Structure formats: C-alpha cells, structure tokens
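The structure appears below as structure tokens.
The values are calculated or read from the model by the stated rules, or taken from the named source; none is laboratory data. The shown structure was predicted, so the numbers you read here are calculated from the model rather than taken from an experiment. Cβ placement follows ideal geometry from the backbone for every residue including glycine, while neighbour counts extend to all protein chains displayed.
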C-alpha cells in the first residue's frame, strides 16, 4: 500500500464541554489525522513542536507506527488551543490560541519523504500550503483542509491552493462562506470549478457529502448515543479518508465514496473520547465492524454488498 | 395495487417567506399527502371543509384521481393556517390558526372505505386518531403523524396511538421532545418499544431516517438549489412513503427503505413551489427520474441497482 505524508499541527488542547473539562491533552490536526491514517497505511508527519512537548507523546505516535522523524523540535512553546463546546456539542468556541513555535514555522519536507504519493495538507496558512506543494514531487493525491480564518483573510490564496490539489475538505459553513451562498450544491459546483477532482463537505452530526463531476454521495454520521469531545473529528475524518485511498491505491468515484465512509468511521471513534484517545485505541477490527454498520445505514438493499473486507490484505 | 385512505385536514394557508407572501392557498395535511400518494395508488380522503371551500379546489384533487366523496362540507369556515419562515426556510413560526369546522370534527369513515388496507392518519388530536382506528377494519399498514402540541398536552394518548399503528412519522424535534433526550438513537429505541414496526424521523434539510428493529436507514434530502415553501414537506413525504408501500404491497425493510426515498422525492417537489402546486404537477416520470438520482446519492457502488422501474406496472 502507498505511503502517506501529513503536514500539520501537533498541539496541546484545553477542552471544555458542559460535562467535563480537560487540560493540555494531546491534539492538533496532524496527530488526529496521522493516528487515523496509520490504521490503513504507513504515515509520516511533517510538523513542529516546542521544548514543552512531551517525549512520551511522540512515543504514543511512534507506537502506532507513525513516523515522527520529520517532526522538528524548536525552542519555544508548542501550539496550544483552548476551546469550549455548548450542550449541542457541535461548533467550538475558541477561548484562546497560542501558536508558539507553529507561528512562524515553514514545513520542510525531507528529501526522503518528497516522493510520498498521498499527502494531507492540514489546516495552516494557504500560502504555506502552496509552498509545501513545491516540496512534494508528483504526488498521486493531495487532500487539503482549511478554515474560516483563511477564507476571511486570504481568500485568493485559499482558492489558489484548492486549484492545485486533488481533494478539498471543508465544513458546511466554510463552503458557504467561501462561495457566499446558502446552497451547498451551488458552493460545491463553484469549488469543483476551481479544479479539484473531489470536494468533501463535512456536516458534523449530519455526516459528510462527497462531490465529484459525476455526482454526489451523502453519508450520515455514524449514529452515537454519547459524544464526549468533537475536537479532531474533521482531521480524523481526513485521516481515514486518505488512509483508505492510500490502501486501495485507486482514486475513482467508488473508492472515494468508500473513503468517505472510512473517514466517518474514524471521526466517530475520535468524538467518543477526549483528545486522541479514541482514535489511538482504534483497531482495524473495530473500524471494519463500524464500517459495515455504516454501510448498512446507507444501503437500500440492506446488507447486500460485494465489497471485500477493507483490511483483508493485512490479515492472515 | 392496494388502496390508500388519508384522514386529515384540508386547509387554506397564508404563507410568508423572506422572499414572497401567499394568501389563502390550498394546503392541509390531507391535500399534500393525498396528492403525493395518488401518484402511486388510488387514494380517498376522509376530511371536512367549510362553506368557504372552493369547489374548484375539490376539483383539483379529483383531477388527480383523489376520491373526494368522503370529504364532508359543513356550515362554517374551513381550517386556516398562517405561518412564516425565516431565511433558513426550516421551521415555521405559526402566526395564527383558525380550526373552523375542523375544530370539533370527528372523522366518519364510510363503510365503503372501512376496508382500505393502507391508512395515513395525518396530524390531529391523538384521541381522535384512536377513535378513527376503530372505524377501519384490519388495515395492512397504518402510518401515523402527530405534532409537538399533542406531545405537550396529550402525551399518553400520543403514546397509545403510536402503540396501535405500523409506522410512526415524526420530526427530529418531536422525537426528542417525546422521549426527553437529545439522542435520536435513544428516542428511536423508545418509540419502537411502544410497538410500531417502523419509525421515521424527518430531519428537514438533512433528510429522513427509518428505524426498524433490524437497523436504520439514513437518507439525505434531495439536494435542491432553490426552495420556495417548506409547508407540506412532511405530509408529502408521508404520501410518497405510503404510496410506495401500497403500490409494492410488501412491507419489509427493503420496501420501507425504498418508501423513504419515495417520500423524500415527493417532499422535494412539494417544497420547490408554494402550496400544493409542485406535488400537484408531479408526474410519475419526473418522480422516477428524481428517485434514481436520490438512489445514486446514497449508493456506494454508484449507479448499481437491481431495482426495476418503480412505476413499471402502470406503463405500456
């Protein structure tokens, strides 16, 4: 199976919900997405941490076979995010962001990783995402995430980097904001017109939608009775999504649709616990079980599928 | 194909959106649901209208092969509802309700209709729904709708009638309210425990979910770029849903899932125009086309389906 490169943040998060509060737990887009993707294929992270970053946290990533050798350690504080969720556990209110060493970091892709075929560019300044694209050679598939801040402040750069990648992943509000329309369908058409092969619009508790020139695919979220912490759902989604593509090696509409379901599965495990704990503890067996459950939720002819075990080749 | 009986309101509606305003347009649960169901199978309405109800509006129903012979005309005003939608065109704010002759009406099911196998009990006082059930003889399938007002004021009667029907159809907020939980999954389990074979939770712009003891099926709404008037979406859904079941004659999980898609298709045509105009103008050809489109939005292996033309038997 093909290798994956994740470029993004490693962070410590303070997270509040109406039910619980956690301080300085492991987070960051690269952590969530790499842990999810590592279930599917070998993953390397290009990232940066400060002097306060615990060696044991790098060890947690390494224990899940995530290559941490291209994570730089720099003098200063690690990226730190504090946020709060209300009772509906949907969108977060940011209480504070301390970029620390992440603030003026420019990702350096080591030569040994420059040929990695699958690349996830997690949320960061779109100009830096464009720079990073210069350092990877003819990747098979680049998946891009961004956020409302960049759409507000660097709309042109966001559009430029979207035009250079294979898959754009944004949430519903960001898609509407970028295209200044309420209609998701219209927003999707405009974003696809920028050039990406596929667009994913993440809809939180309502699931995610894939748009390509050939149509769209609407998956619900995996129905959970209990959610502890929505932080990292989108990045875990991206990890499962690119993980499946790297594992299957094909990027057609069917594999993209399956990849969406894998993304949803990973996100569901991420939100069941605080921090990366749920996605860290996830096994292929549990992911497959939930994947099959999710497939049945969108299958009209319930249970009928010709699809083989998605992890089959890694098993006896 | 089996026949359908619809018991519910015929009304005149005043509808406001931020974009337009309509006065005294044809509405009411029975009108929307019967017009939708008439696409699939023969439908009769048991209902009541006042002296102000236009003969031409009964003629509109009759023109779509809806049997209007069991609609009583009584001295007094017809049911009149006035409501307003905000920019998101989701939930309505009721500006006024004048029940008129509907207020103290008790549905009389004529003997000739008492054996109708498929019955839709549209929203009305749950005690009256229970009474109505006494007047139908061993129906194959009864579909029930209700609303927040009855859950607030007659919770026990609502639970009692739910325990006596085959399919309960409520919206997300009503399910949460009835079961006093945020979790849709938990609410579904509790409502199914009352006895119905299936539960539909309508989720507005996010689609609808079917729950049975064997699993759940999550359909998105049909993605539309333009919505004019959400009034009647739920009743049009119910019409398409029961219409498909009556047409197919089978009530298993596959047909229930297909019925959900037919419901979504009918709802999508209803909301594209004010009043019943969209559902009145709908043809089998256009419904099939949109049904196929909707299927592809939830099919992982895009486009592959063994399903025959849903209206095939009615065609040359």
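Observations
- When residue A:113 is tested against (1) crowded, with 19+ Cβ neighbours inside 10 Å; (2) touching a helix residue (DSSP H, G or I) at 6+ places or on another chain (Cβ under 7 Å), just one condition goes unmet, and that condition is (2).
- Close pairs from the range B:294-316: first within 16 Å of residue B:254 (Cβ to Cβ) and at the interface with another protein chain (Cβ under 7 Å from one of its Cβ atoms), partner part of a loop (DSSP other than H, G, I, E, B) and at pLDDT 75 or above, Cβ under 6 Å, at least 6 apart: B:298/A:298
- In the range B:198-205, the count of residues that are part of a helix (DSSP H, G or I), touching a residue at least 60 places away in the same chain (Cβ under 8 Å) and at negative phi is one or more.
- Candidates B:219, B:268, filtered to the one that is farther than 13 Å from residue B:39 by Cα, within 13 Å of another protein chain (Cβ to nearest Cβ), out of contact with any strand residue (DSSP E or B) (no Cβ under 9 Å at 6 or more places or on another chain) and buried (at least 23 other Cβ atoms within 10 Å of the Cβ): B:268
- Count of residues meeting criterion [within 14 Å of chain A (Cβ to nearest Cβ) and farther than 21 Å from residue B:209 by Cβ] in the range B:222-249: 3
- Those residues of the range B:250-262 which are away from chain A (no Cβ under 13 Å) and touching a residue at least 12 places away in the same chain (Cβ under 8 Å), in sequence order: B:251
Here's the yes/no breakdown for (1) within 20 Å of residue A:263 (Cβ to Cβ); (2) in contact with a helix residue (DSSP H, G or I) (Cβ under 9 Å, 6 or more places away or on another chain); (3) surrounded by fewer than 20 Cβ atoms within 10 Å (Cβ to Cβ):
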residue: A:25; (1), (2), (3): no, yes, yes
residue: A:47; (1), (2), (3): no, yes, no
residue: A:67; (1), (2), (3): no, yes, no
residue: A:77; (1), (2), (3): no, yes, yes
residue: A:82; (1), (2), (3): no, no, yes
residue: A:109; (1), (2), (3): no, yes, no
residue: A:120; (1), (2), (3): yes, yes, no
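- Members of the range B:86-107 found to be within 14 Å of another protein chain (Cβ to nearest Cβ) and either loosely packed, with under 15 Cβ neighbours inside 10 Å or more than 30 Å from residue A:182 (Cβ to Cβ) (or both), listed by number: B:86, B:87, B:88, B:90
- Of the candidates B:29, B:11, the single residue that is under 19 Å from residue B:273 (Cβ atoms), touching a helix residue (DSSP H, G or I) at 6+ places or on another chain (Cβ under 6 Å) and at pLDDT 95 or above is B:29.
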